[in-house]
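Please read the structure below before turning to the comments.
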Amino acid sequence: MKIGIFGGTFNPPHTTHLQMARQALSELHLDRLFVLPCGDPPHKQCDVSAEVRLQLAGLAFGDIAEVDDYEIVKQGKSYTVETLRHFQRRFPDAQLYLVLGGDSLANLDSWYCPQQIASLATLAVADRGGQGVEEAAEHVRNKFGAQVIALHIDPTTLSSTELRVRYQFGLDNSSFVPPQVDSYVRQTGLYSQYTGMVDRVRSYLSEQRFRHTYYVVKRGQELAPDELKDKAFVACLLHDVAKYIPSADYAKYGFEQGDLPDSVVHSFLGSAVARQDFGITDGEILDAIAYHTTGRPNMTLLDKIVYIADKTEDTRPYPLQHLKQGTLEQQFVACLKEAYEICLQRHCDSVCPLSEQTLRFYCPDGVQ
């Protein structure tokens, strides 16, 4: 007997998840496929309850797989190795296949007991687009003796992270999630805690600037660790909220431009607008908005996330890939250097002194 195990947060489950399940059933000739929403995932926090995600999984996979609550009802963290042992005990004569995405395969080293995972199940891996699956597969074969099989799915960058942002922005997701899941999300108001703020921000911006804001939020959510995702969402959403406020209205916010160059005014004014018009009192969020153009010495992680997100969102009209390489800190330094060079070219004698101070702090040798 061949048993497939497909785990994940499924927050929410989407069409790529369904394609992975269908391909696993057909290509591996599985007798049964079990879909298991994580109860308490060890690598991430999840602000949607396990019970709701179990419902979503049932709506998405109910017709093609068996949705199992083992990881939800058990106590403690949801470790894959324990789930595989559970199914090994349940089906002692079965051959187990662990269905996972290429991004998960690339991170297998960081999982709990990866060697035992490799010994318990064949890894059936779906390449979701540009994730270097072959290189990762070769690595786990050599290091853990893993058996790795490729599942053939259409390349895609679709993620649950992006879908949650799309719902917050009121976008149509009917092409990306099963209709039952889409209906549940809309009827229950799941992923809508910021929709009111999103609508208000739209009224402050042009359509083009609002589109930029969407992609900055998306990029910020990709960069932020789970404990900062809420703050990153708000800071990225409001980072340009003062872009079109006329100088005649500065006094309403107790703001004076002083010696600030025109190119950075919206950042510092934006912090005041976020506080006064949107009721933001969190100093970390307000600072991330204020310094998203200039940076500052001793930046917080949230500061850096908003700074990088603004410089590397998908619609920026310049090469991005070199700015997205390496760790978050490496991306930040790369963005900082390039932004300063561009600032020198465009503004020449009106570069904000704080931008130069920030560059000297993080790059003592200056721009290479």
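Every number here is computed from the coordinates shown, using simple stated rules; none is lab data. What you see is a predicted model, and the numbers here were worked out from it, not measured in a lab. Backbone-built Cβ (ideal geometry, glycine too); neighbour counts: all protein chains shown.
Things to note:
- Among LEU260, PHE91, TRP111 - extreme Cα towards positive end, dipole of the chain, charges at beta-carbon: PHE91
- Residues with amide H under 5 Å from that of LYS2, placed H, sequence gap 5 or more: ASP31, ARG32, GLN95
- Once the Cα-Cα distance is subtracted from the 0.36 nm per residue extended length, the GLU356 to HIS322 segment shows a gain of 10.0 nm.
- Across THR293, THR161, THR327, mean-square fluctuation computed from a Gaussian network of the chain (C-alpha pairs under 10 Å connected) peaks at THR327.
- Among PHE278, MET1, SER174 the positive-end extreme of the charge dipole of the chain (Cβ point charges): MET1
- A Förster radius of 35 Å, combined with the Cβ-Cβ distance separating GLU27 from ASP230, puts the computed FRET efficiency at roughly 0.35.
- A dipole drawn for segment 197-362 from +1 and -1 charges on Cβ atoms has a positive end, and of LEU344, LEU359, TYR318 the residue lying farthest that way is TYR318.
- By the compact-protein rule of thumb, 2.2 N^0.38 Å, the alpha-carbon radius of gyration of segment 219-309 corresponds to a ratio of 1.04.
- Taking 0.692 mPa s as the viscosity and 37 °C as the temperature, the Stokes-Einstein diffusion coefficient of segment 270-359 based on its alpha-carbon Kirkwood radius rounds to 237 µm²/s.
- For segment 156-206 versus segment 16-30, the gap between their alpha-carbon centres in whole angstrom: 27 Å
- For ALA150, nonlocal amide neighbours, meaning residues 5 or more places apart or on other chains whose placed amide H falls under 5 Å from its own, are VAL125.
- ³J(HN,Hα), Karplus 6.51/-1.76/1.60, whole Hz, each residue of segment 173-185, x for Gly, Pro: 10, 5, 8, 10, 10, x, x, 5, 5, 4, 5, 4, 4
- Computed from the Kirkwood radius of its Cα pairs, the Stokes-Einstein diffusion coefficient for the chain at 25 °C and 0.890 mPa s stands at 109 µm²/s.
- For the chain, built as a Gaussian network whose Cα springs stay under 10 Å, the top-fluctuating residue of ALA290, ALA106, ALA242: ALA106
- Taking amide H positions as modeled 1.01 Å from N, with prolines and chain starts lacking one, the residues under 5 Å from LEU98 and 5 or more places away or on another chain are ILE5, THR122, LEU123, ALA124.
- Relative contact order [Cα under 8 Å, 6+ residues apart], segment 2-158, whole percent: 24 percent
- Here the extension length gained between GLU82 and THR281 equals 67.3 nm, from 0.36 nm per residue of separation less the Cα-Cα distance.
- Residue-wise HN-Hα couplings along segment 293-302, as the Karplus relation 6.51 cos²θ - 1.76 cosθ + 1.60 with θ = phi - 60° gives them from phi, are 9, 8, x, 6, x, 6, 5, 6, 4, 5 Hz; Gly and Pro carry x.
- For the chain, size of Cβ-based charge dipole, Lys and Arg +1, Asp and Glu -1, in debye: 340 debye
- Placing +1 on the Cβ of every Lys and Arg and -1 on the Cβ of every Asp and Glu, with no other charges, gives segment 197-362 a dipole of roughly 300 debye about its Cα centre.
- Nearest-20 debye value, segment 1-110 charge dipole, Cβ charges on Lys, Arg, Asp, Glu: 160 debye
- Projected label distance in nm at ALA251 and GLN75, using a 7 Å step from Cα toward the beta-carbon: 6.6 nm
- The percentage of C-alpha pairs in segment 17-147 whose separation is greater than 24 Å is 28%.
- Report summary: the helix-based calculation at 222 nm, which adds -39500 (n - 2.57) for every DSSP H run with n ≥ 4 and divides by the residues of the chain, gives -15500 deg cm²/dmol.
- Among THR80, THR281, THR294: highest mean-square fluctuation, GNM of the chain, C-alpha pairs under 10 Å: THR281
- Protection proxy ranking for 49-59, 298-308, 90-100, using the average of other Cβ atoms within 10 Å per residue and placing the highest first: 298-308, 49-59, 90-100.
- Two-site FRET efficiency, GLN193 against ASN107, from Cβ-Cβ distance with R₀ of 35 Å, rounded to 0.05: 0.80
- Pairwise centroid distance, computed over Cα atoms, of segment 38-102 with segment 322-337, Å: 35 Å
- The chain, relative contact order in percent, only Cα pairs under 8 angstrom and at least six apart counted: 12 percent
- P(r) tail fraction, segment 197-362 - alpha-carbon pairs more than 28 Å apart, %: 15 percent
- Spatially close lysines, pair count over the chain: Cα under 20 Å, gap of eight or more or interchain: 23
- Rounded to the nearest Hz, the phi-derived 3J(HN,Hα) couplings of segment 230-240 under the Karplus curve 6.51 cos²θ - 1.76 cosθ + 1.60 (θ = phi - 60°) are 5, 5, 5, 4, 5, 5, 5, 4, 9, 4, 10, where x marks glycine and proline.
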